[in-house]
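The values are calculated or read from the model by the stated rules, or taken from the named source; none is laboratory data. Note that the structure is predicted; figures quoted are calculated from it, not measured. We place every Cβ from the backbone using ideal geometry, glycine too, and count neighbours over all the protein chains shown. Ligands, DNA and RNA are excluded from the accessible area calculation, which covers all protein heavy atoms including side chains. Shrake-Rupley method; radii C 1.70, N 1.55, O 1.52, S 1.80 Å.
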Amino acid sequence: MAKTPLYKPVSIGGLLLSGNIFLAPVAGYSDKAFRSICADCGADFTYTEMVSSEALVRDSNKTETLIGRAPNEKAYAVQIFGSNPEYMAKTAVIIAEKYSPECIDINSGCPMAKITKNGAGSALMTDIPLLYKIVKAVNDAMAPYKIPVTLKIRSGFTADKLNWKEAASAAIDAGVKMLTLHPRTRAQVYSGKADWNILAELVQFAKPYQIPIFGSGDLFSPEDAKKMLEETGCTGIMFARGAMGNPFIFTQTRELLTKGAYGEISTEQKIRTGFKELVFLCDEKGEEKGCREMRKRFAAYTKGIPDGSKLRQELVQASTIEEYKAIIQSAFNISCF
């Protein structure tokens, strides 16, 4: 019997995607600029950072930079969070009518206290009936638009309450078309190790329902992605922290899965890509805010390069595009354009 390829197309409801290497929703990071860069580098599907349902219903104009589609995003998903089924459904309709994303994703995995204290994010893992109501409300609201609904969950809220199976079952009953699991508990946040064995169990549990299962958690290299696919049997993977400052991980992972090896990324390519993201970010958010936000991102781009520490000390002081350009050209004697 022929071995199933690790890199393969994915169907999410009626949506067909060419590959199974996705960008996860990352709060404070996966805005339009970063998603655009990741799409350039080969991400098959991108997720926005999470959008508050209550904030969007109150004022939908404030979310443009969060959820507007990048020019090169052929397909993307908007992730929403909240604890009110009616608000979540209304939010999905606003987004569907204004942005026409290919998917609406519901966040049931964020572990941060500012989200969970209001009953949203991974707090939904403590109230499975409410999780069901939210998924059902959003799924019903999206039916006329033919937009599939996906869900991201954790393994549970605490180690003594691993209820991923109950959450998955409720979501499937409510009509979800794809599940992503970060196999850590809410209590772990991002500490310890993600338990990929739980992801493998979810894959087996979901087989009769024939919906794709994606994995997230501890994916920091192409080798990690290959290992997760092989060991768990999941449909595909989502890079989150592993893509910060390293959108090339999508290019390299695809090469590894299809060719068995991948090429290295030059320092010049890293810097040019970072500068491209800077310009996009400034176009979206204004030069002052864009330059300020890009400081941490350039710190990630320059990780591991020669004399990177000295360069980072200079870059975190940059306040304009021209200042970034001068620092880069002085350090590398390359043009940013």
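Less than 12 Å Cβ to Cβ from residue 181, Lys/Arg counted +1 and Asp/Glu -1: what total charge do the surrounding residues give? The partial results should precede the final answer.
Values: positive: 152, 154, 165, 184; negative: 195, 201.
Counting the neighbours of residue 181, the net charge comes to +2.
Mind checking the full-extension length gain between residue 255 and residue 114? Use 0.36 nm per residue of separation minus the Cα-Cα distance, one decimal, nm. Let's see the in-between values first.
Values: separation 141, 0.36 × 141 = 50.76 nm, distance 3.88 nm.
Taking 0.36 nm per residue and subtracting the Cα distance, the gain is 46.9 nm.
Over the chain, with every protein chain in place, what whole percent of the accessible area is carbon and sulfur at 1.4 Å, could you tell me? Please report the intermediate quantities before stating the final value.
Working: 7330 of 14510 Å².
The computed percentage sits at 51.
Roughly how big is segment 282-337's charge dipole about its Cα centre, with Cβ charges of +1 (Lys, Arg) and -1 (Asp, Glu), in debye to the nearest 20?
Value, rounded to 20: 300 debye.
Can you pull the one-decimal nm distance between simple spin-label points at residue 266 and residue 189, each 7 Å off the Cα toward Cβ?
4.0
Using r as the Cβ-Cβ distance of residue 326 and residue 143, and R0 as 51 Å, what FRET efficiency do you calculate, to the nearest 0.05? Write down the numbers at each step before the final one.
On the way: r = 54 Å, r/R0 = 1.05.
The pair residue 326/residue 143 has a calculated efficiency of 0.40.
Which residue, 200, 101, 87, has the largest displacement toward the positive end of the dipole of the chain when charges sit on each Cβ (Lys, Arg +1; Asp, Glu -1)?
Of the options given, the answer is 200.
Quick check for me: using +1 on Lys/Arg Cβ and -1 on Asp/Glu Cβ, what's the dipole size of the chain about its Cα centre, in debye to the nearest 20? It would help to have the intermediate numbers written out before the result.
Values: 42 positive and 37 negative charges, 57 e Å.
Taking the Cα centre of the chain as origin, the dipole is about 280 debye.
Expressed in nm to one decimal, what extension gain is obtained for the pair residue 205 and residue 3 from 0.36 nm per residue of sequence separation less their Cα-Cα distance?
70.5 nm
Exceeding 21 Å between C-alpha atoms, which entries from my cross-link table qualify? They are 114/177; 270/296; 98/152. Display every interim value, and only then the final one.
Working: 114/177 28 Å; 270/296 15 Å; 98/152 23 Å.
Distance filter (> 21 Å) returns 114/177; 98/152.
Full-extension gain between residue 58 and residue 98, please, as 0.36 nm times their residue separation minus the C-alpha to C-alpha distance. It would help to have the intermediate numbers written out before the result.
Working: separation 40, 0.36 × 40 = 14.40 nm, distance 1.51 nm.
Taking residue 58 through residue 98 to full extension adds about 12.9 nm, to one decimal.
Can you work out the Karplus-derived ³J(HN,Hα) for every residue in segment 123-132? Use 6.51 cos²θ - 1.76 cosθ + 1.60 with θ = phi - 60°, whole Hz, and x for glycine or proline.
Values per residue, Gly and Pro as x: 4, 5, 5, 8, 9, 4, x, 5, 4, 4 Hz.
Apply the Karplus parameterisation 6.51 cos²θ - 1.76 cosθ + 1.60, with θ equal to phi minus 60°, to every residue of segment 270-284 and state each ³J(HN,Hα) to the nearest whole Hz, in sequence, with x for glycine and proline.
Per residue, the Karplus-derived 3J(HN,Hα) values read 4, 5, 4, 5, x, 5, 4, 5, 4, 4, 4, 5, 5, 4, 7 Hz.
Please list, in chain and number order, the residues 5+ apart from residue 105 or on another chain whose amide H is under 5 Å from its amide H, with Hs placed from the backbone.
78, 79, 80, 150
Under 20 Å between alpha carbons, and skipping anything fewer than 8 positions from residue 310 in its own chain: which aspartates and glutamates qualify?
List returned: 268, 293, 322, 323.
What accessible area per residue, rounded to a whole number of Å², is obtained for segment 201-337 using a probe radius of 1.4 Å?
Working: 6590 Å² over 137 residues.
Spelled out: the 1.4 Å probe surface of segment 201-337, per residue, equals 48 Å².
Using only the alpha-carbon atoms of segment 249-337, report the extent along each of the three principal axes, biggest first, to the nearest angstrom.
Reported extents, whole Å, longest axis first: 42, 29, 21.
Return one whole number: the accessible area per residue of segment 1-112 in Å², for a 1.4 Å probe. All intermediate terms of the calculation are to be shown ahead of the outcome.
Numbers: 4240 Å² over 112 residues.
With the other protein chains kept in place, segment 1-112 gives 38 Å² per residue.
Mind listing the phi-derived Karplus ³J(HN,Hα) values for segment 30-37, rounded to whole Hz, using 6.51, -1.76 and 1.60 with θ = phi - 60°, and x for any glycine or proline?
8, 7, 4, 5, 5, 4, 4, 4
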